[in-house]
Amino acid sequence: MGGQGGWAGSLLMLTEATTHGTLLGGRVSYRQFRDGYRTGIEPVLLAATVQARPGARVIEAGCGAGAGLLCLASRLPGVSGAGIEQDPATAALARRNLDENGLADWPVLVAGVEDPAIPMLVEAIPRFDHAIANPPWHRNTATMSPSPRRDLARRAPEGALAGWTASLVRLLRDGGTLTMILPSALHARATASMTACGLGTIRLLPLWPLSGKPARIVLVQGTVGGHGDGVVLPGLVLHRPGGGYTDAAEAILRSGEALPMDLSA
């Protein structure tokens with residue numbers, strides 16, 4: 001994988017202002033655009049769900065500037081990763097971030113997740129062990145953002161969730177996992193899309209904003225060919241009543257600990 005065709009490289013020039021910060025308590029160097037879409041905690045949480053041995057291969061769909069991939073590499077240094085990003089400038093920034101963190105061999109494909117050319121690549125490469133994604137979830141009829149990049153990351157046409165699921169499942173090996181982070185209102189639709197694509201053993205992990213409050217965001221994971229029962233996991237409380245992250249959330253967001261999507265932890 002990499003180098004040719006749609007893979008983002010040094011020929012894509014970055015002309016917009018960026019800010020330079022860190023992830024995982026300073027362990028990861030990270031640049032993002034000053035204006036438009038800004039990275040939240042979602043990619044960090046997504047990366048924390050991946051449980052993989054050295055040599056495993058992970059792909060992130062809609063990888064943005066690469067936050068999820070960078071956190072994944074920091075947590076699991078023996079894995080290899082790749083990204084898919086539709087916006088060329090954002091893909092170029094992801095390429096820069098990966099290079100600056102010693103991940104020059106992790107490719108970024110400039111394409112829409114549902115591009116029919118993406119599954120065709122599987123014919124020439126090994127399938128992935130895990131896929132992670134934070135899909136755009138606002139309906140296409142929702143108010144357009146004044147930032148084209150933010151709008152691309154937020155709004156999607158009807159049926160996009162099913163399309164993303166189908167496209168990513170084609171990239172996974174038997175027994176591989178697909179994990180998405182979504183608004184809680186979409187968990188039933190995500191489960192139905194995964195089941196229709198042959199994913200089983202569906203796991204749902206709620207992200208509670210405060211203890212006792214309804215979850216606004218959930219993680220949904222399915223396994224290719226899985227036959228186990230679906231399960232709703234205890235979930236993660238993100239914030240303390242007085243402000244700030246809980247100790248459990250801090251351990252994931254700052255210290256790089258795992259967020260297992262099973263009942264064994």
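The values are calculated or read from the model by the stated rules, or taken from the named source; none is laboratory data. Being a predicted model, the structure only gives us computed values, none of them experimental. Positions of Cβ are backbone-derived with ideal geometry, glycine not excepted, and every protein chain shown enters the neighbour counts. These accessible areas exclude ligands, DNA and RNA; they are computed on the full protein's heavy atoms, side chains included. Shrake-Rupley method; radii C 1.70, N 1.55, O 1.52, S 1.80 Å.
Judged by the gyration tensor of its Cα atoms, with axes a ≥ b ≥ c, the range 158-208 is oblate; a/c meets the 1.5 cut and b/c is at least as large as a/b. Return the carbon/sulfur percentage of the accessible area of the range 203-253, one whole number, probe 1.4 Å, all protein chains in place. Within the range 203-253, the accessible surface is 59 percent carbon and sulfur. If R0 equals 22 Å, the separation of the Cβ atoms of ASP174 and ALA258 corresponds to a calculated FRET efficiency of about 0.40. The portion of the accessible surface of the range 53-123 made up by carbon and sulfur, rounded to a whole percent, is 53 (1.4 Å probe; DNA, RNA and ligands excluded).
Counting only heavy atoms of protein chains, what accessible area per residue, in Å², does the range 172-265 have with a probe of 1.4 Å?
Per-residue value: 48 Å².
Were the residues from THR195 through HIS227 laid out at 0.36 nm apart, the gain over their Cα-Cα distance would be 10.5 nm.
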